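The values are calculated or read from the model by the stated rules, or taken from the named source; none is laboratory data. Please read these numbers as outputs of a predicted model, since none were measured by experiment. Cβ placement follows ideal geometry from the backbone for every residue including glycine, while neighbour counts extend to all protein chains displayed. Keep in mind that these areas ignore ligands, DNA and RNA; they rest on the heavy atoms of the full protein, side chains included. Shrake-Rupley method; radii C 1.70, N 1.55, O 1.52, S 1.80 Å.
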Amino acid sequence: MERPAWAPRSIDITVPSVSRIYDYYLGGSHNFEVDREAARKAMTHLPGLPKIMQANRAFMRRAVRHAVGTGIDQFLDIGSGIPTFGNVHEVAQAAHPGARVVYVDHDPVAVAHSNAVLEGNEDADVVAADLRKPQEILSSPQVERLIDLNRPVALLLVAILHFVEDADDPYGAVAQLRDALAPGSLLVLTHASYEGIPLPAERAEGAVDVYKDIRNPLIMRSRDEVARFFEGYDMVEPGLVPMPHWRPESAPEDEDPYAFAGFAGVGIAA
């Protein structure tokens, strides 16, 4: 396989990547055949995966506009992935010029493309780091330059926690981030679940197995398990709900049934 000019030399282009698979679902071009093959295999079991990802992005944009509306002007997006149209900095800075955004991802392709997209944008930057090591994120030069932790921050964990196994203590990582943020900060979160998928769980498990095969297990948590991530936060109305039901801008009944898979919510730190 020939290495594209945009692919960092350090990455193995024969191994699928979660962020590049996500890019493929969203119609992006920064993915390899190995990523497309894994995505197509997952879609044989769960054909609505692109619709689920689109619903994630639509929720994220609504939540960012909500955050700006409450006066928040700084954003920390962990597990940000490969930049696509309507990214956090575009939405936030359109609503509030000067809003500051730090993206965090551990995929070298995502980091390289974020750097390219953000070139010349003094109010946005990217950190190569892992959600499982919150202190490395919080002490990074990029966060220290752009994010004032003494003022409210919108922390985005969109479609990332379901890739963190219980053995890696995702609840502890989220709690560490929460404790570092000022009162009034927001947690913006989505999470995959078998609940809401318009298919029998046994069939959806086939897609989960694809992620297990590429050594990026997809952890499907229940609504109660997802709600635990909001400990220490007061839920913003309408609470923890399927993505199209969170402050919709169009009629939820017009949405594809797959858009209702999983949960989305926003919490405010006391």
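From the alpha carbon centroid of segment 217-255 to that of segment 58-73 is 15 Å.
Counting only protein chain heavy atoms and rolling a 1.4 Å probe, the accessible areas of MET235, MET220 rank, largest first, as MET235, MET220.
Loop-resident GluC sites (Glu not before Pro) (DSSP state other than H, G, I, E or B) in segment 210-270 with no more than 16 further Cβ atoms inside 10 Å of their Cβ: GLU231, GLU249.
I need the shape label for segment 144-183. Rule: rounded when a/c is under 1.5, else prolate if a/b > b/c, else oblate, with a, b, c from the alpha carbon gyration tensor. Here segment 144-183 falls in the prolate category. In terms of the Cα gyration tensor, with a ≥ b ≥ c the square roots of its eigenvalues, is segment 98-195 rounded because a/c is under 1.5, prolate because a/b exceeds b/c, or oblate? Because a/c hits 1.5 or more and a/b fails to exceed b/c, segment 98-195 counts as oblate.
Per residue, how much accessible area does the chain show when a 1.4 Å probe rolls over the protein heavy atoms, in square angstrom?
44
Placing +1 on the Cβ of each Lys and Arg and -1 on the Cβ of each Asp and Glu in the chain, which of ILE160, PHE230, ASN56 has its Cα farthest towards the positive end of the resulting dipole? Result: ASN56. Shown here for segment 91-168: GluC sites (Glu not before Pro) in loop regions (DSSP other than H, G, I, E, B) with at most 15 other Cβ atoms within 10 Å, namely GLU119, GLU122, GLU165. Among the trypsin sites (Lys or Arg not before Pro) within segment 192-270, those in coil by DSSP and having at most 13 neighbouring Cβ atoms inside 10 Å are ARG215. Modelled spin labels at PHE85 and ARG151, positioned 7 Å past Cα toward Cβ, are 3.2 nm from each other.
When +1 charges are put on Lys and Arg Cβ atoms and -1 charges on Asp and Glu Cβ atoms, the dipole computed for the chain relative to its Cα centre reaches about 200 debye.
When the chain is treated as a GNM with alpha-carbon contacts under 10 Å, the residue of PRO141, PRO200, PRO170 showing the greatest mean-square fluctuation is PRO200.
Shown here: Rg and Dmax of the Cα atoms in Å, derived from the displayed model; of the candidates (1) 22.2, 74; (2) 17.5, 51; (3) 22.1, 80, it corresponds to (2).
Taking a ≥ b ≥ c as the square roots of the eigenvalues of the Cα gyration tensor of segment 132-270, is the shape rounded (a/c under 1.5), prolate (a/b larger than b/c) or oblate? Oblate is the answer for segment 132-270, as a/c is 1.5 or above yet b/c matches or exceeds a/b. Note on segment 66-151: Cα convex hull, mean projected area over all directions, 5.4 nm².
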